[in-house]
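*Asks:* Pasting in a structure now, in structure tokens, and then I'll have a few things to ask.
The values are calculated or read from the model by the stated rules, or taken from the named source; none is laboratory data. Note that the coordinates shown come from a computational prediction; the quantities given were computed from them, not determined experimentally. Note that each Cβ is placed from the backbone with ideal geometry, even for glycine, and that neighbours are counted across all protein chains shown.
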Amino acid sequence: MQIKLLSYYNYLSTVSMTEGYYVQKAHGELTVIDTKMSKLDQLRVELAEFFCEDAKTFRLDDCVKTFHEFFEKFQKATQVSIIDTSQFCMKSGDELQFY
């Protein structure tokens, strides 16, 4: 019985040391994340001021979504313009060949 208790005690102290390591590691990681989140919030406020928006209601995800949609539409419009221009040139070229 005494050997089982000693083994159990050793097991508990090993688990405790392992948990302590992970708790310390997690605490360090959370500190890093907290620092980065603070910096991100500071940049969010600066961006809101740049766009003359209310910093209290300005959301980065909405801003990124708006820019994403804008650039998608811009890219599509550019592609359509290139296609239209090439088709126009081909038509003009065909008409000129008949003269």
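*Asks:* What number of residues within the stretch 47-66 satisfy the criterion of being surrounded by 10 or more Cβ atoms within 10 Å (Cβ to Cβ) and assigned to a helix (DSSP H, G or I)?
*Replies:* Selection size over the stretch 47-66: 9.
*Asks:* Six or more apart or on different chains, Cβ atoms under 6 Å: show the pairs whose first residue is in the stretch 63-86 and more than 21 Å from C52 (Cβ to Cβ) and whose second is surrounded by 10 or more Cβ atoms within 10 Å (Cβ to Cβ) and at pLDDT below 90.
*Replies:* Once the first residue is more than 21 Å from C52 (Cβ to Cβ) and sits in the stretch 63-86, no partner that is surrounded by 10 or more Cβ atoms within 10 Å (Cβ to Cβ) and at pLDDT below 90 comes close enough.
*Asks:* Here's something else I'd like to know. Can you tell me which residue is modelled with the highest pLDDT among those in the stretch 1-47 that are of a type in the set (G, A, S) and under 30 Å from V64 (Cβ atoms)?
*Replies:* S38
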